[in-house]
Every structure is written in C-alpha cells, then in structure tokens.
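First the structure, in the form of structure tokens, and then the observations on it.
The values are calculated or read from the model by the stated rules, or taken from the named source; none is laboratory data. Bear in mind the structure is a predicted one, so any value in this text is a computation, not a measurement. Using ideal geometry, Cβ is built from the backbone for each residue, glycine included, and neighbour counts are taken over all protein chains shown. SASA here: full protein model, heavy atoms, side chains in, ligands and nucleic acids out. Shrake-Rupley method; radii C 1.70, N 1.55, O 1.52, S 1.80 Å.
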Amino acid sequence: MKNNIIILAFLSFCFCCTLSAQQTTPIRTSKSTLGLSAGYNYGWFKDTNYSPLIYTSKGRLFALTYEHEGKKGNLFQAQLSYSGGEDTTPFSDSFMADFWQGDIELAWLKKLNVANPKTDLYLGGQYHFDLNMNIFIDTDYAFTFLFAHRFELKTKLNHQINQKNSFHLSAAIPVASYVVRPPYTGYDDDLDANQDKYLKLVSTNGDWRTFNKYFAIKFNAGYNYQLTERIGTSINYDFNFQKESQFKQAQHQVKLGLNYKF
Amino acid sequence: MKNLLIALLAFTLLISFSSCKETLMGPDELNDPENNFELLWNDLNNHYGLFQARGWDWDAVYDEFRPQVSANTTNEELWTIMTNMLETLDDSHTYIQDRRNGEANKRVFISGYELNYAAKALFDRPMIAETYLEDFEIHDENEFFATGKVQDKNIGYIHLKGFGDYPIDLIDEVMVDMQNHDAIIIDIRNNHGGSPAYAQRISGKFIDKTFTYATMKDKNGPGPNDFSAPQNLVSIPGENPFLKPVIVLTNRSTISAAEDFLLMMKPFDHVTQIGDTTAGDFSDTSMIRFLPNGWEFGYSTREYRTPAGDIIDGIGHIPDVLVMGSEGHLQNGIDLHMQTTIQYLKTRYGIE
C-alpha cells in the first residue's frame, strides 16, 4: 500500500508538471540526461512449453534511463527496467501466475545527417538483455522463462518542436540473439542444480538465433516537456513483441517520468 | 501542435490496447470437450516418457477413447473418459485434477493408484508405535520423519513418509543415537517419494560403496525416440555408515524416490527388503499442465533403467521376504511387517 501511494504521488507529480508547468528559463544544451519513470504494463503471453492458453499480463513498471550525447552528436543510451504483476486467463481463476520482467539495454547510436535542423536521426546497435519469468502462483511446480541476449539494430528520431517541447520515436529489432528457454519437458536436473545460480541460468543452455527462429521488436514513442533548464518530464509508450516457436509475448507499456540534465 | 501530438499518442494507445490481441497472439484455445481431450492426448503423446518402456500403444488408446467424446459431452462424462484413458498408463506420476472450487474441494485422479490406496489403508503408524515401539518420536511438523526403538530390543526404527519437506540433517542427528543398535528397521511404507537427493543422503548412512544405482534420461522432443543421453545416477556413502543388519519395509504405496532409495540400498548384503512389491513408478512428474476447462494434469517425463539396462517402471521392487498385511491383521492390532521383521532378525541374525 505504501509503495502504491509513493508511485501514485510520483505519477501525479509528473503528470501535473507535464500539463501545467510554465517555465521561461532558456534551455541549456546539456550532454547527459538521467531519467526515472514509472508506469503500467499491459499485454499477453503464450508459451506452449508452459500452457496452451493465452494469459493477460498486468503489472507495474519502473525504468531508469541514461543518455549521453558525444562530441559528434552520437548517443550512448542505457536503460534498466523492471515490471512485475500477474498473469490471468479467463479459463480459470486458479490458473493465475506471477510474472517478472527485466530489461537491460545499452545502445550506441550514430547521428545521421538530416536536412531539418529541428530533427535528429540516429542509427546504431544495441545490446538488450530481456528477462521473462512466469511462475504458477498456487505451486512453483509450473513455470517458464525466456532469457534473451539480443544484439539489435536500433534507430531513433528526435524532433524539437520548440525550446520546451520535443518528441522522439525509436525502434529496435534483434539481428542475432542468444535465447535461453526451459528444457523440452519444462524442467530437468540441470535446471534444478542451477536454480540459485542466476548468472549461469541466464547464460547457459541457450542457443543462437536470428530472425527465422526468434523475432522481436521494441517500438517507443515519447514526448518530453522541459520544465527548467535541467529538469523535464516525459510520457512514453513502448510496444514490445517477441516470438519464437513456443513463446509469444506482446506488451504495451505507458510510463511517466522525470528527467535530469547535467 | 502540442495538443495534436497528445491526441495522436492517445489515439495510438487506444487502438493498440483495444484491437491487437487477436492479431498479435492468434486465437485462444476453445473450451469444448473435443479440444480439451485433444490437448490432453497430444500433450502426453509429445511428452510422456514411458510409452516404450511400458509398452503402451498411445495411438490405440486414442482410437478407443476419442470416439467417446463429442461436442455434447458433459464435463462429468469427460472426466470419466479422461480418467479411464489415463488409467491405461498405470502410472502414479500421471494425474488429472480439478481445483476450480478451491484446494479443499479439489477432485484428483491418479493413474494406477487403486492398489496404492488399498495398501495405504493397511498401514497404521500410531498402532505400530503403541504395539511395537518405545521412545517413539515424530521429528517434523509434516510428520514425515519418525523414529523409535523396538520394545525390549536393541533394534532401531525409522519411518519415512516422504523424502523431503524436513531438514535433511535430521538423519545425522538420529543416526548418532542409533549407531549402537544391533539392527535398524527403515519403514518406507506409505512413502509417496519426493527428492532423490534426500534418498541419496539418507541411504548414504547405510552403505559403504559408491556405485551407479540407475540411469535416467529425459524426454527431449516429440518423437518416440527423442530422449536425452542417459545420465548415471550415483549413490554415495556418508561418514560412519551403519553396516549392521538393515530391514527396509515396503508396501504397494512405496513410490518414486522411495523406490530410488531401494535401488541405492538393495545391492548391499546387510540390507533386506520385507513387505510387498513397491509401486513401480520410478519416473518423475512433469510440470503442472493446464486445460481450457480449468483442469490440470501431469505425467511421467523420464525413463529410468537399472545399471544392467532393465526397465523396472511398472514392475517395482520385489521383496526378499514377501509380507502382505490384511484388514483382519489391522483390526486385531497386528502389523504383519513388524512381526515378520522381528522374527526375521532373530532367525537370520540372532538379534533378540
């Protein structure tokens, strides 16, 4: 309850700032931005290794972002995000499961030449670790996971509407991915022996895949409003989709955030 | 411009939220009797690990039961058809359950369990404790681990109701006191199994040699021959093992890891199995599986063999001394296993 109040207060603050703040201080060009955001994750997942049914996933979402602009205008981006909540299916209330999802993204994007001075276009690469865990609530004797180390092609567009307002769009798709999935029967002694060795668990017994065996896309659209020289607010929408032979997941994420430039 | 962007974003979100589930995820499973049956049959067809080992023809089972299901089959009828189908596997790691009305009102069917239920009913631990034992003590809250001493004799008694859900170190504490006994009875009647690691640790207190007690392979694909490479399962002795006479008591409800325990113990000359043949269910249960009608099920996914390559699933451990109690014995306060064991230790080893 206490957490919910804190999150609600944070979101309300961001929202109010976005809608009503007026600031006339000239915007200073800064090289680094640190952002903190919270929001809601809504989507679906189906994993025939776990169940033949489609589950609806709903839960909270938190993200920490960092962006640095280099001397030539190129961008380094880092994002750490976590989402957790419940999987439900209309077929039975007793089939409810917990889900945990985490992402680590590290990107380097080269600035491309664009005629419009208000628009910046970037293209580059990104390492994206995507962690998905789903555990049947009534007993831990049913679970599934997908850990993907994705090497992605990423593009981003920034458009400065005026001094305070800007929006951005980005999209990333993996070219090659190391994907770790449960064994065919869902469980084996190797998994049992390594269940507490998280690093080993997420990085062994996987296989390298490209588009034909693992497809994913992450699309982001965001709007920023600069409150002061250093502080701004943002609203972001992310769409995540990933698919392999047994696992399919689609998620919509909306988050509100505060950014600090330095 | 700002308003336009917000409107555009809101519109995109609205469209995305409301309309793309079917497009992105495809249609969900149908909750009708025929699809539920197909899902159950196919899941076992692709994952069940004992068709070859047990010699079951799963296609023939389909031919027998599929025509019994139609779009008009009621849930009750479907339950009967499915449980009859699973019963053909005679495998207590295979089950189906309905927990939609809560854990307290759940309905469970376990394949091949009729004899196990009958055997279970003939075991009365409080009666054994009162009639045959002294210093009887239950060591854990689940009442899985109990010990005592045969009345007026220097014979220890350990009852293990399962292999798991109690501190494994209990066996170390108990064996400190039992080292001076002339013999130990390890009663694994009504032992539903659990963790082979527990069985390994406990058996280590009674053996003095490392050896491969079984090989195991996991189903790793849908084809009938899709199995992982065989993995050796090794039994390892612990410190100061008890090598005086050990009697292991069994019944038809000695299952799974309890049968692994016997694989680890029986090769040793000082160990004797007294009782009934065990369940013959060496494999392991799958993850819980789900059906659109809200039922859950599970099944065996592994194939065990003896080091000689023999399949013992469906056969079980045949005792060295066959003893089968009856309701009559129970009603008269007699546990035939205990009586036979006490007599056996006297005649075979001179322990009185």
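Only one entry in B:G328, B:G294, B:G314 is surrounded by fewer than 23 Cβ atoms within 10 Å (Cβ to Cβ) and within 30 Å of B:P230 (Cβ to Cβ), namely B:G314. Of all the criteria given as (1) more than 18 Å from the chain's Cα centre (by Cα); (2) surrounded by 17 or more Cβ atoms within 10 Å (Cβ to Cβ); (3) not hydroxyl-bearing (S, T, Y), the one not satisfied by B:L89 is (1). Does B:F261 satisfy being more than 14 Å from chain A (Cβ to nearest Cβ), touching a residue at least 60 places away in the same chain (Cβ under 8 Å), crowded, with 23+ Cβ neighbours inside 10 Å and not in a helix (DSSP H, G or I)? Spelling it out, it is not the case that B:F261 is more than 14 Å from chain A (Cβ to nearest Cβ), touching a residue at least 60 places away in the same chain (Cβ under 8 Å), crowded, with 23+ Cβ neighbours inside 10 Å and not in a helix (DSSP H, G or I).
Identify, please: which residue in segment B:82-109 is touching a Ser or Thr at 6+ places or on another chain (Cβ under 7 Å), modelled with pLDDT of 95 or more and not acidic (D, E) and is, among those, farthest from B:W295 (Cα to Cα)? Among those residues, the one meeting the criterion is B:L89. Only one of these is farther than 30 Å from A:Y184 by Cα, without any contact (Cβ under 8 Å) to a residue 60 or more places away in the chain and open to solvent by less than 10 Å² (accessible area, probe 1.4 Å): B:Q343, B:Q273. Name it. After ruling out the rest, the residue left standing is B:Q273. Within segment B:208-231, the only residue that satisfies the criterion of being touching a His at 6+ places or on another chain (Cβ under 9 Å) and assigned to a loop (DSSP other than H, G, I, E, B) is B:P222.
If you filter segment A:125-155 down to residues that are open to solvent by 40 Å² or more (accessible area, probe 1.4 Å) and either touching a residue at least 60 places away in the same chain (Cβ under 8 Å) or closer than 19 Å to A:K200 by Cα (or both), you find that the one that is nearest to the other protein chains (Cβ to nearest Cβ) is A:M133.
Scanning segment A:75-90 for residues that are open to solvent by 40 Å² or more (accessible area, probe 1.4 Å) and either touching a Pro at 6+ places or on another chain (Cβ under 8 Å) or part of a strand (DSSP E or B) (or both) yields A:F76, A:L80, A:Y82, A:E86, A:T88.
Scanning segment A:91-114 for residues that are within 25 Å of A:F76 (Cβ to Cβ) and in a loop (DSSP other than H, G, I, E, B), we see that the one that is most open to solvent (accessible area, probe 1.4 Å) is A:N113. Inclusion of B:G112 among residues that are of a type outside the set (S, T, Y), under 19 Å from the mean Cα position of the chain (by Cα) and either assigned to a loop (DSSP other than H, G, I, E, B) or within 19 Å of B:P241 (Cα to Cα) (or both) is warranted.
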